[in-house]
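*Asks:* Structure provided below as structure tokens; questions to follow.
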There are 2 protein chains.
Amino acid sequence: MTFIDRGVSDVVVIGAGIAGVKTAIELTKSGISNVILEARDRCGGRLYTEKLKSGVDADLGASWFHDCLDNPMLKKYFESGKIKFNFDDGRFSYFNENGLIDDNEKLKPIANEIKLYLASLYDKLTPNEDISVKEAVYRYIKEKRYLLTDYQVKYIPQLIRYFEMWIGSSWEILSGRSISADAHKGRDAMVLNGYQTVFNCELQELKDAKGKDNISAFIKLKRIVYKISWNEKSQLIEVYSKYANITEVYKSKYIVVTVPLSVLKLSSGEEGSIEWVPPLPASFTNSISNVSFSNLGKVFFEFPKCFWNLEDDRLLSMAKVEEEYYEACRYDKEDLCTYKFLKCRQDVPIRENEVPNGLDYTVLFMNLAKPTQKPIILALTSSPLTQYIEQASSNIIFEVFKPVFARIAGLPESSIPQPIEVKTSKWSNDPFARGSYTGVTIGDSYEPFLEEVLNPNKIFDGRGRVRFAGEGTIDDGNGCAHAAWNTGLREAEIIKRMINRAKL
Amino acid sequence: MTFIDRGVSDVVVIGAGIAGVKTAIELTKSGISNVILEARDRCGGRLYTEKLKSGVDADLGASWFHDCLDNPMLKKYFESGKIKFNFDDGRFSYFNENGLIDDNEKLKPIANEIKLYLASLYDKLTPNEDISVKEAVYRYIKEKRYLLTDYQVKYIPQLIRYFEMWIGSSWEILSGRSISADAHKGRDAMVLNGYQTVFNCELQELKDAKGKDNISAFIKLKRIVYKISWNEKSQLIEVYSKYANITEVYKSKYIVVTVPLSVLKLSSGEEGSIEWVPPLPASFTNSISNVSFSNLGKVFFEFPKCFWNLEDDRLLSMAKVEEEYYEACRYDKEDLCTYKFLKCRQDVPIRENEVPNGLDYTVLFMNLAKPTQKPIILALTSSPLTQYIEQASSNIIFEVFKPVFARIAGLPESSIPQPIEVKTSKWSNDPFARGSYTGVTIGDSYEPFLEEVLNPNKIFDGRGRVRFAGEGTIDDGNGCAHAAWNTGLREAEIIKRMINRAKL
């Protein structure tokens, strides 16, 4: 194994996603030397776009500029004219086993009411008390049974499962608190010409700031960081990476760690894990064990022709009704009171050697045919279906979704054409992602973790040299690309202040 | 003028609306003597139902059990089986000059976004800063112009005016703060068999508590209270009322004043005004001058047949686009920045001797044909149209609304049949109501008033003998019937505690 000492810079940034690149832009503009180490053979992290056969851009990572009232990147990119946006908040159709649900069944107002119910519930609970979304729905039904028709009792639980797709966790493990704390700040603008275009603009900004176009000079790809240590003698942080059969060490006064939270959670020895010498403080590792990572999955289907309603922006195929629960709710049986069947609080696993039926899951479709004029539809999935899908072949994936397509089309399965292409996200199996983004499983406590990453003063020499950035390290917009961008800005500012103070 | 001394009771309640009756129920159940004085020749106050020609109940006052997650009366009446309810929260259609607006124009998500925009705006402002809903909408458009299509810029202001019907004030004077503070707690259940049925059940509860069925023994109708004075010598409050040519005085240790806020605001000499001897403290009268009363109007139309879409629960006819504003917004002209045309902050009056055109106003229709199976539609109006309508003849009213009906029906005016009956609310002209319910005009400060009515310790001998109840005297559910009911409960409890303390 060759060992190379790559010398000293002011800052080493770990991860070339949007948080890392934004950090580097701001540092570079302030004349602070920096280098980015990236484990993958590409930049962009979870902003990642591939092309479908038709040439349409398929975002396998982030797709939306969320919180459009409060999103600093949105205005920048609207005005740049480089990004095509679409507000996909028009018609949203729901389907059960009988097909399209008529609006007059009034399920949507119930969904809003359950959110309000949860907000008032959590107003009364301590910050540590939590129930799953599933338990929350059945608790609501029990308490407000007299306000609901049998139809609503039957279908509202499965409709509520569209919340699964906010995060990517099944309602068995998804925190009811997280739904109640919904703080969307305006509409969501979907990027049509590839989120990677946004990333590439940021990258260009970095190149311009660096004054050179050869990014390999300042973004080192395929460098898998495996150790971060503090050298007391030199007063420098040493970042060790493996690159083919070469071991490199990069030294700096400060580091910005932008790896996903799920990677920080890895145990020693797991692929992608990072050893800290001296180890991270117990308070840090404890706090991280109480936050979770989720599995929003994406499957793009390109068909020879459209067979679904072109006027819909979104289509929700509701998981099949749980008859046992429905009967208990309908007749207000005692076993609903005790919630005894709600206590598992873990994903119902997919059995080995069995192809799941898509109708057993809630699947949210984005009708991309509407903005692109091409026969493309995007399925969003949550755990545990995501993990299955992300490992399956195109044929198997189509088999899983075929009955769902038949439902939303109102056609027999035999009428659903074979897709031209099936393209799926792979985040759950990616050793450098290990899921899609920061999630909210019941019982999570996110605030202690945030307190640790924002005030990392117990690490190394206690002077805050180790900084954290990325979508999981911020409360406001947590999980969103613009929030990751904001954290890059935040950490760059902090480092600038520290360096300027050190110069005094 | 004959003068009659009606003797002494523990409590005199002024007003036989639901707040007054609930107060009396609770007092009576605790063995506290009381009498209710009511100015009108009927009980019920602003719970008031008449029958249409078809026999359908027409609520000219309250229609809904609001906040169904948190409404103590709702569960009681659901379980009593005496009230028929309907959740009218299904399809809500919007109409502009071209007829029905397609959902794909995506105006509704913008409306939600404007509410969020306002919430974040008021988070930054001091409690005294406020702008009208109209100014708020145009401010949003200016700031977020890049997020909006021309179509949205054109129509969103008029769509937002459905907020007018929450209160009954035009957007020129309606507080943007009030919209941002929207705190609906669940769905709204409309009463189908007359809200007066609810009131009559409460009345029966009072009769049962009193142990007699002759309500004239404890509810005195047609007693117009004109003076309330404190007799230092007898340590009693004296309530003077006029009844035909008889003057009566009722004496008590405590009084509960449930007259509408608008009546408390009247100047001496105005019909319905009450003189206080000694006068109410300046802090009280000052606080009351900074709260307002609104003018939600109702017009029931019964037709020989339906000509509108039976599937809609609600239909909104949007006021005509203000071209000057639209052009300024569309091209982002400077005069939109200065909001110079937004500074009037008062209702645009209806010109004398001119019949208004309904298309110039936003009108919200409740499709009562859906729940009643009869060709009945209810129009809700705000100021200044309400005041006009409430004085107009049926023929004139039909003339005002005819073009609006033509719009929602998609038919020429000549095809709109003559209504069999037109029945309108009269609250704005009623000397004992003078409007519909407590409102929120820009610049109102409601909290100081609430502080005064909840802690009336500066009135008379400073011992809190004068109590206030009614929809305007509570923050939680303000303006709603269940809130008025809650205030009756509240004040009865307070008086019970005071009487028990006095006995010690």
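Read-outs throughout are calculated quantities, based only on the coordinates presented, and are distinct from any laboratory measurement. Remember, predicted model here, so these are calculated numbers, not experimental data. Using ideal geometry, Cβ is built from the backbone for each residue, glycine included, and neighbour counts are taken over all protein chains shown.
*Asks:* Averaging over all projection directions, find the projected area of the Cα convex hull of chain A and quote it in nm² with one decimal place.
*Replies:* Across all orientations, chain A yields a mean hull projection of 25.2 nm².
*Asks:* Hey, what did chain A get for relative contact order, percent, Cα under 8 Å, at least 6 apart?
*Replies:* Averaging sequence separation for qualifying contacts and normalising by length gives 25 percent for chain A.
*Asks:* Are any of the pairs A:Lys115/B:Lys84; A:Lys265/A:Lys298; A:Lys233/A:Lys503; A:Lys29/A:Lys496 more than 22 Å apart by Cα-Cα distance, and if so, which?
*Replies:* A:Lys115/B:Lys84; A:Lys265/A:Lys298
*Asks:* Filter the trypsin sites (Lys or Arg not before Pro) in the range B:211-296 to those in DSSP coil with at most 11 other Cβ atoms within 10 Å of their Cβ, and list the result.
*Replies:* B:Lys212, B:Lys233
*Asks:* Could you give the Stokes-Einstein D for the range B:251-337 in µm² per second, using the C-alpha Kirkwood radius, 10 °C, 1.306 mPa s?
*Replies:* My calculation gives 82 µm²/s for D.
*Asks:* At 0.692 mPa s and 37 °C, plugging the Kirkwood radius over alpha-carbon pairs of the range B:356-496 into Stokes-Einstein gives what diffusion coefficient in µm²/s?
*Replies:* 179 µm²/s
*Asks:* How high is the relative contact order of the range A:306-462, given as a whole-number percent (alpha carbon pairs under 8 Å, six or more residues apart)?
*Replies:* Answer for the range A:306-462 is 22 percent.
*Asks:* May I pose another question? As a test, work out the antiparallel percent of DSSP beta bridges whose residues both lie in the protein assembly as shown, rounded to the nearest 5.
*Replies:* About 65 percent, rounded to the nearest 5.
*Asks:* In cubic angstrom, how much convex hull volume per residue do the alpha carbon atoms of the range B:111-246 span?
*Replies:* Hull volume over Cα atoms, normalised by residue count, gives 247 Å³.
*Asks:* Taking every pair of distinct Cα atoms and averaging 1/r, then inverting, what Kirkwood hydrodynamic radius in Å comes out for the range A:1-129?
*Replies:* 20.3 Å
*Asks:* Against the globular-protein guess of 2.2 N^0.38 Å, express the Cα radius of gyration of the range B:1-58 as a ratio, rounded to two decimals.
*Replies:* Taking the Cα Rg and dividing by 2.2 N^0.38 Å, one obtains 1.49.
*Asks:* Continuing with this model, one more query. Please report, for B:Gly99, the nm distances (one decimal) from its label point, 7 Å out from Cα along the beta-carbon direction, to the equivalent points in the remaining copies, shortest first.
*Replies:* 2.5
*Asks:* In addition: Which of the aspartates and glutamates could a cross-linker bridge to A:Lys333, judged by Cα under 12 Å and excluding same-chain residues fewer than eight apart?
*Replies:* A:Glu324
*Asks:* Per residue, what volume in Å³ does the convex hull of the Cα atoms of the range B:20-89 enclose?
*Replies:* So the per-residue hull volume is 135 Å³.
*Asks:* Return an integer: the convex hull volume of the alpha-carbon atoms of the protein assembly as shown, in Å³ per residue.
*Replies:* 217 Å³
*Asks:* Multiply the residue separation of B:Arg6 and B:Asn98 by 0.36 nm, subtract the distance between their alpha-carbon atoms, and state the gained length in nm to one decimal.
*Replies:* 26.7 nm
*Asks:* State to the nearest 20 debye the size of the charge dipole of the range A:9-144 about its Cα centre, where the only charges are +1 on K and R beta carbons and -1 on D and E beta carbons.
*Replies:* Rounded to the nearest 20 debye, it is 280 debye.
*Asks:* At B:Gly464, with labels set 7 Å past Cα in the Cβ direction, how many nm apart are the copies from this one, shortest first?
*Replies:* Nearest to farthest, the other copies are at 5.0 nm.
*Asks:* In a shell of Cβ-Cβ distance under 14 Å around A:Gly464, excluding A:Gly464 itself, what net charge do Lys and Arg (+1) and Asp and Glu (-1) give?
*Replies:* Computed value for this residue: +4.
*Asks:* A further question on this structure: Angle, helix A:133-143 long axis vs. longest principal axis of chain A, Cα atoms, 0 to 90°, nearest 10?
*Replies:* 40 degrees
*Asks:* With the Cα gyration tensor of the range A:393-454 in hand, give its eigenvalues times 5 under a square root as the equivalent ellipsoid semi-axes, listed largest first in whole angstrom.
*Replies:* Values for the range A:393-454, descending: 38, 16, 8 Å.
*Asks:* Please list, by residue number, every one of the GluC sites (Glu not before Pro) in the range A:239-301 that is coil in DSSP and has at most 12 other beta-carbon atoms within 10 Å.
*Replies:* Taking the range A:239-301 and a limit of 12 other Cβ atoms within 10 Å, the loop GluC sites (Glu not before Pro) found are A:Glu270, A:Glu271.
*Asks:* Net charge around B:Pro278, counting only other residues with Cβ within less than 15 Å of its Cβ (Lys, Arg = +1; Asp, Glu = -1)?
*Replies:* Within the 15 Å Cβ shell, the charges total +1.
*Asks:* With the cut-off at 19 Å, report for the range B:261-402 the share of all Cα pairs above it, as a whole percent.
*Replies:* 67 percent
*Asks:* What are the nm distances, shortest first, from A:Lys76 to its equivalents in the other copies, labels at 7 Å along Cα→Cβ?
*Replies:* With the label placed 7 Å along Cα→Cβ, A:Lys76 yields 5.8 nm.
*Asks:* Relative contact order for the range A:96-204: what is it in percent, counting Cα pairs under 8 Å that are at least 6 residues apart?
*Replies:* After rounding, I find 35 percent.
*Asks:* Taking every pair of Cα atoms in the range B:169-245, average 1/r, invert it to obtain the Kirkwood radius, and report Rg/Rh to two decimals.
*Replies:* 1.16
*Asks:* Still on this structure, please answer the following. For A:Leu221 and A:Thr285, what is the calculated FRET efficiency with R₀ set at 41 Å and r taken between the beta-carbons, to the nearest 0.05?
*Replies:* Efficiency, from the Cβ-Cβ distance: 0.90.
*Asks:* While we're on this one: Past 27 Å, Cα to Cα: identify those pairs from A:Lys22/A:Lys426; A:Lys106/B:Lys82; A:Lys227/A:Lys423; B:Lys108/B:Lys423, in the order given.
*Replies:* Among A:Lys22/A:Lys426; A:Lys106/B:Lys82; A:Lys227/A:Lys423; B:Lys108/B:Lys423, the Cα-Cα distance tops 27 Å for A:Lys227/A:Lys423; B:Lys108/B:Lys423.
*Asks:* Against the longest alpha carbon principal axis of chain A, how many degrees, from 0 to 90 and to the nearest 10, is the axis of helix A:150-160 turned?
*Replies:* 20 degrees
*Asks:* Please report, to one decimal in angstroms, the Kirkwood hydrodynamic radius of the range A:285-332 built from all distinct Cα-Cα pairs.
*Replies:* 16.2 Å
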